[in-house]
Each structure stands twice: as C-alpha cells, then as structure tokens.
1. Taking +1 at the Cβ of each Lys and Arg and -1 at the Cβ of each Asp and Glu, which of 179, 239, 152 sits farthest along the dipole of the chain towards its positive end, judged by Cα position relative to the Cα centre?
2. Mean-square fluctuation check for the chain, GNM, Cα pairs under 10 Å: which of 62, 154, 211 is largest?
3. Considering only the other residues whose Cβ falls under 11 Å of the Cβ of residue 280, what net charge follows from Lys and Arg at +1 and Asp and Glu at -1?
4. Where does the charge balance sit around residue 37 when Lys and Arg score +1, Asp and Glu -1, over other residues with C-beta under 15 Å from its C-beta?
5. With a sphere of radius 12 Å drawn around the Cβ of residue 227, what net charge do the other residues whose Cβ falls strictly inside it have (Lys, Arg +1; Asp, Glu -1)?
6. Can you give me the long-range amide H partners of residue 36? Hydrogens built in the peptide plane at 1.01 Å from N, cutoff under 5 Å, separation of 5 or more residues or another chain.
7. Report, in debye and to the nearest 20, how large the dipole of the chain comes out about its Cα centre when Lys and Arg carry +1 and Asp and Glu carry -1 on their Cβ.
8. Could you let me know the centre-to-centre spacing of the stretch 181-238 and the stretch 101-168, using Cα atoms, in angstrom?
Amino acid sequence: MTTSKRHTLATIASLLLALGMATATVLGPLLRGDITFHVSDSARLQLLGTELVSLALAAPVALVAAILWWRNHRVAPAIAVLPAGYAVYVYTQYIVGPQYDRYPGNNEYFFPLYFALVILGMAIVRHAWTALRTARVAPPAPAVRYTLAGLLLAFSVVIAAAWIQSIAVVLSGTTRGTTLIAYRADPTLFWVVRLMDLALVLPAAAVAGGALLRGAGARHGRPFALAVTGIGILLGAAVANMALFLLLFNDVSANLVFLIVIVTWTIVTAILYVVWLVDLARRLGARSAPEHRETR
C-alpha cells in the first residue's frame, strides 16, 4: 500500500474518531444523558470531567489531525496520536470499569460505540507511530528538554507512589479514609485505573522522560517521548477536570491540593510540548516527502 493511501485511511480514521467521541459525549451524562453508567455518584462526577475533555479537546484535536493527514502534513502523526491514545485509555475504562451488577445504568448497550473508538484509537496509534519513527524527530531545546524530562519523571514517580499507597490501604483492611470509600463504591474501576496506570501509562512516562534526558543519543526514543507527552497532556486535562467536578460538588474525595498540582503540571507540560511541536514543524517543513512505494 502506498504512503498516500495509508494517509487517506488515517484521515478517515481520525475523522471517525472525532465524530465518535463527539457523539459519545453528546449522548453521555454531560449533555443528553441517554447513556447512564453503572457507577457511583462520585465516579459519575469524574465521568463528567472526562466527557468535557473528550468534547472540548480530544475530539477537536482528532479533527485537526484528520485535516493534517488529508493535507499530507508532516506533523500529522504527532497530532493524531494524542486523541487516539487518549481514546484507547478512556474508553477501555468505560467498558471495563462500571459495576454492572450494583448500580443502575445502560452503558452496556453502547458497547459497540466504545469498542469502535478503542479500535480506531489503536489503529491510529499504530500508523502514527510508524510515521513518527521515520520522521527524524529532533530533540527540543535543552531547557525544554530537561524540563519536560523532569515533569514526566516526576509525574510517573508521584502517581505511582500514590497508587501503590492506595493499594496498600485497601489491602491493609483499614476501615476509614477517602481511599477506602472510593474503593468500596467502585472497586472494579479502582483496580482498572491502577492496572492501566502502573502497567502502561507510568512506565511509558518514565521511559519518555529518560529518552529526553539522553537527548541526541535517543533518536528512537524521541518519537516515543513526543507521543507520550502529548497523550499525557490530554489525560492530565481529564484528571484535572475530574478533580474539579469533585470539588465543585463537594464530594468526599475532593482534594484542592491535588487539583492545583495536576492543573499546573498539565499547563506547563502543554506549553513546553507546543514549543517542541512548533520547532519540529519548522524543521520538518509543511509537506511530506514525495510519495514512495512501501515494501511489505
């Protein structure tokens, strides 16, 4: 298959992802309420925060990615991987996390929609990663590189420590505390989040941070760091909105300090990521190289 045809498929996939995320959000608890999830009231507040990010950030970024793929722009894979990775993470939890036998809801009837979003996300991530590996991703300026590396490493260490501590609380049999309240309300979601974060997200952030520290010697690690940083920004925005909704509705799990920390991390990381992306777009130029036949 030619590069042009692959990019055409990526254009369609990114467009479908944007439309799918927008549709899921419109039908979900944030707007129409046609989709109700088998979760506690606290988890539902967190879902509202995630849904807002899906509609206001992830879906528009996916639409921008579709336009960039269609225009054969070199920076398209770097943009496309953000909402795609976000979709895989978020909608997997939408499927697996609810307590179907405990709370009322109907989200199981929308499994085909969420399943399609996960598959689309995986397909786009694969294609975008293949394109990024051959794009000669240059490292950002030293100040940006070291700061991003520090932010990614700090994120992985701090969140890992928090999740391990919460698991220790649950396993210790403690009878009090907000951690135990959240666990008892939505135990499946509790374990799914910690599994995905400790096994995938946090190790990826640590590897990305290490690749940035290595700088010019990490040619194959820089595309990975670029992708992980971008996905992390969207996930950080989702977590920040979750924390905000919990605070606004005076939920027992609300934590103002955590909200301030995650908002600060997300904003600073986003600014540095944009600086890197702009520099990368300038280095690569607007258009892709002439089309060539790919060997199987």
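No value in this document is a laboratory result; all are computed from the given coordinates. Quick caveat, the model's predicted, so the values are computed rather than measured. Every residue, glycine among them, receives a Cβ derived from its backbone with ideal geometry; neighbour counts consider all protein chains shown.
1. Value computed over the given set: 152.
2. Its mean-square fluctuation being the largest, the pick is 154.
3. Working: positive: 74, 136, 222, 282, 283; negative: 279.
It works out to a net charge of +4.
4. Working: positive: 32, 44, 102; negative: 34, 41, 51, 101, 108, 186.
Overall, the nearby charge balance is -3.
5. Details: positive: 126, 133, 222; negative: none.
Net charge in that neighbourhood comes out at +3.
6. Excluding prolines and chain starts, which carry no amide H, the hits are 106, 107.
7. Magnitude of the dipole: close to 1300 debye.
8. Each part's Cα centre sits 5 Å from the other's.
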